[in-house]
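The values are calculated or read from the model by the stated rules, or taken from the named source; none is laboratory data. Source: prediction; values computed, not measured. Here the Cβ positions follow ideal geometry from the backbone for every residue, glycine too, while neighbour counts run over all protein chains shown. Each accessible area value is taken on the protein alone, full model and side chains, heavy atoms only, with ligands, DNA and RNA left out. Shrake-Rupley method; radii C 1.70, N 1.55, O 1.52, S 1.80 Å.
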Amino acid sequence: MVKNSLLKREKFYKLALISIFAAGILLRIFVYCRNISFWGDAASIALNLMNKSYLELFKGLDYLQVAPPGFLILSKFILNIFNPKIDYIRDLLLRFFPFVFSCLSLLVFYKFSKNFIKDKKTLLFASTLFAFNPCAVLYAAQLKQYSKF
C-alpha cells in the first residue's frame, strides 16, 4: 500500500514536471513565432550582424553595443547558412539561439535548483515560477546576448 502511494506521488511529480516544461516551451514558441519587431539594442545588434564580417565581430561593435563573440559568430553563421530573403524568416533566424537557450534554461534551472531544494513541491513551484516568468519568456524572442555563451 505504501509503495503504491509512493509510486503514484512519483508519477504525479514527473507528470507535473513534464507539464511545466511543456507549457514553458509552448509559451516560448508562441512568443518566438510572434516575431516582435526589433527595436533599440536588438536592432543595433542585428545591424552589426548583417553589416560586419566575422572578424569585425571580434572588434568593437557599432551603436554602443557589446555582446559575447560566440553569440555574435553563431548568430551570423546561422544567418549566412540560410540566407533568407524574407524578413520574417531572417528575424526568426536572428533570434534562434536566444530561443533555444531560453528553452534549455528550463532544464538547467531545474537541475540547478534540485541541488538546493529537496522538497518536490517547492521544486515544482520554483520551476513553475521560472517557466512562466514574463522576463525569461520574453528573452526567448529578443536578439540579446542573455544566453552568455
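For segment 16-26, 3J(HN,Hα) computed residue by residue from phi via the Karplus equation (6.51, -1.76, 1.60; θ = phi - 60°) reads 5, 5, 4, 5, 4, 4, 5, 5, x, 5, 4 Hz, glycine and proline entered as x. Among residues other than PHE21 with Cβ under 14 Å from its Cβ, the summed charge is +4 (Lys and Arg +1, Asp and Glu -1). Magnitude of the charge dipole for the chain, about its Cα centre and with charges confined to Cβ atoms of Lys, Arg (+1) and Asp, Glu (-1), is about 860 debye. As a rough guide to protection, the peptides 104-110, 136-142 ranked by mean Cβ packing within 10 Å, highest first, stand as 136-142, 104-110. In the chain, taking the dipole from charged Cβ atoms about the Cα centre, the farthest positive-side position among MET50, VAL137, LEU93 is held by VAL137.
State the number of lysine pairs found in segment 1-131 whose Cα atoms come within less than 21 Å, restricting to pairs 8 or more positions apart or on distinct chains. Lysine pairs, 8 or more places apart or on different chains, close enough: 25. Taking ALA67, ALA16, ALA131 in turn, the Gaussian network model of the chain (Cα-Cα springs below 10 Å) assigns the largest fluctuation to ALA16. Between ASN133 and ILE18, residue separation times 0.36 nm minus the direct Cα-Cα distance comes to 39.7 nm. Measuring r between the beta carbons of SER113 and LYS144 and using R0 = 30 Å, the FRET efficiency lands at 0.80.
To the nearest ten degrees, helix 69-82 and the longest principal axis of the Cα atoms of the chain are 80 degrees apart. The gain in end-to-end length when the ILE29 to TYR54 segment is fully stretched comes to 6.1 nm, 0.36 nm per residue minus the alpha carbon separation. Here is the size of segment 1-41 from its Cα atoms: Rg then Dmax, 18.2, 60 Å. Fraction of C-alpha pairs exceeding 22 angstrom in the chain: 49 percent, rounded to a whole number.
Note the full-extension length gain between TYR88 and TYR63 as 0.36 nm times their separation in residues minus their Cα-Cα distance, in nm to one decimal.
Details: separation 25, 0.36 × 25 = 9.00 nm, distance 2.34 nm.
Here the answer is 6.7 nm.
Take every Cα pair under 8 Å whose residues are at least 6 apart in sequence, average their separation, divide by the length of the chain, and the relative contact order is 38 percent. Let's test the formula: R0 of 35 Å, r as the Cβ-Cβ distance of LEU74 and THR122. What FRET efficiency results, to the nearest 0.05? Efficiency computed from Cβ-Cβ geometry: 0.50. For the chain, which span is the longest to avoid every loop-located (per DSSP) member of trypsin sites (Lys or Arg not before Pro) having at most 12 other Cβ atoms inside 10 Å? Segment 1-58 is the longest.
With angles folded into 0 to 90 degrees, how steeply does helix 40-51 sit against the dominant principal axis of the chain? Use alpha carbons for both and round to 10. The two axes meet at around 60 degrees.
Given a 1.4 angstrom probe, what's the average accessible area per residue across the chain, in square angstrom?
Values: 9540 Å² over 149 residues.
Per residue, the chain has 64 Å² of solvent-accessible surface.
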